[in-house]
Amino acid sequence: MKFSLFAILLSIASQAQNFDVIPLGIYGGEEEDNLSAYLVRAPNDKAFLCLDAGTVNAGIRKAIELKSLNGTSETVLKEQIKGYFISHGHLDHLSGLIINSPADAKKDIYAINPVIQILQNHYFINDTWINFADQGQKPTLGKYHYNELKEGVEIPAQNTQFYLKPFELSHVNPYKSSAVLVRKDNHYLLYFGDTGADRIEKSDKLNSIWNDIAPLIKKGQLNTIMIEVSFPNSQPEKSLFGHLKPNLLIEEMQKLKEKTGLKNLEKLNIVVTHRKPTGNNPEIIREELLSYNPLKINYIFPEQGKKISLP
């Protein structure tokens, strides 16, 4: 009886919600009011980390409308968002951060060094905006503090419950994008910026990540991956521009399965990000993923402003 009760409690604990994700923007281009940006927090906490920042204010307003966020758009921006992880330097992943910087409060930016260099040399400069950060072209306004993320090294995300560990990605080799492993206690969420498949990119970046996270998946500590699928399968491989399509995601998940076993992978949630909104692409990508799902993955298709509760 004691063992049965323990097993039940362990099962309940394993299903507990550890992350709330609120999409501020879900697409990978064109719709400037709905570009890649995801707030993540511990449940019942008001401290958010923003994973990329393509769209910020429009997404906040939508989330307030859907009652996923409480407060005004000003208080959410200034008080509830405690920092930004920026995966790479393309505008659809950071334009919301730049354009809203005058209205923002003092906080941290987390990025690998090549991304910090892009922010310093191309965006936060007098010719394009002004330098709201604490490093780079003078004058520096000091509103944002750069925290350089180093491959495989975990650091705390200030004023949140999270710790961050980055991984480099290939987004048209040798251009650097990045993923980040977000930890709360002993639970993990893996978020990807833009990435191509290893075979197409002639890279081993994704394989290295699969090696790193496989033990966490087998132990039930990592249950969700947020990863891009930008194009439908009809997109030629030569025209992917460092992105994934459904059959390439499956190709990569097959590699992960070899390291975790099929049963462990069947428990995995994949939040599909960065669908290109051209024509019917988002609907086609969704149908292609759902119609051919040999690994029985639970796909989640985010909607702007609608909260996702994750284990």
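The values are calculated or read from the model by the stated rules, or taken from the named source; none is laboratory data. Quantities reported herein were computed from a predicted structural model and do not represent experimental measurements. Glycine gets a Cβ as well: all are built from the backbone with ideal geometry, and neighbour counts include every protein chain shown.
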Output for the stretch 15-33, where each listed residue is part of a loop (DSSP other than H, G, I, E, B) and charged (D, E, K, R) = Glu30, Glu31, Glu32, Asp33
Name every residue in the stretch 279-302 that is in a loop (DSSP other than H, G, I, E, B) and loosely packed, with under 14 Cβ neighbours inside 10 Å, in order of residue number.
-> Gly279, Asn280, Tyr292, Pro294, Lys296
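Residues checked against (1) touching a Gly at 6+ places or on another chain (Cβ under 9 Å); (2) modelled with pLDDT under 95; (3) of a type outside the set (Asp, Glu); (4) more than 19 Å from Tyr146 (Cα to Cα):
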{"position": "Ser11", "(1), (2), (3), (4)": "no, yes, yes, yes"}
{"position": "Ile22", "(1), (2), (3), (4)": "yes, no, yes, yes"}
{"position": "Val40", "(1), (2), (3), (4)": "no, no, yes, yes"}
{"position": "Cys50", "(1), (2), (3), (4)": "yes, no, yes, no"}
{"position": "Thr72", "(1), (2), (3), (4)": "no, no, yes, yes"}
{"position": "Glu79", "(1), (2), (3), (4)": "yes, no, no, no"}
{"position": "Ser87", "(1), (2), (3), (4)": "yes, no, yes, no"}
{"position": "Lys107", "(1), (2), (3), (4)": "yes, no, yes, no"}
{"position": "Tyr110", "(1), (2), (3), (4)": "yes, no, yes, no"}
If you go through the stretch 213-231 one residue at a time, do you hit one that is assigned to a helix (DSSP H, G or I), touching a Ser or Thr at 6+ places or on another chain (Cβ under 8 Å) and β-branched (Val, Ile, Thr)?
-> yes
So which pairs qualify, if the first residue must be in the stretch 232-260 and closer than 20 Å to Glu287 by Cβ, the second must be at pLDDT below 95 and assigned to a helix (DSSP H, G or I), the Cβ gap must be under 9 Å, and the two must be at least 6 apart or on different chains?
-> Met253/Leu265
Determine which member of the set Lys143, Lys138 is basic (Lys, Arg) and touching a strand residue (DSSP E or B) at 6+ places or on another chain (Cβ under 9 Å).
-> Lys143
A careful count of residues in the stretch 236-266 that are buried (at least 17 other Cβ atoms within 10 Å of the Cβ) and in a loop (DSSP other than H, G, I, E, B) gives 5
Is there a residue in the stretch 109-127 that is under 15 Å from the mean Cα position of the chain (by Cα), of a type outside the set (Val, Ile, Thr) and closer than 16 Å to Glu228 by Cβ?
-> no
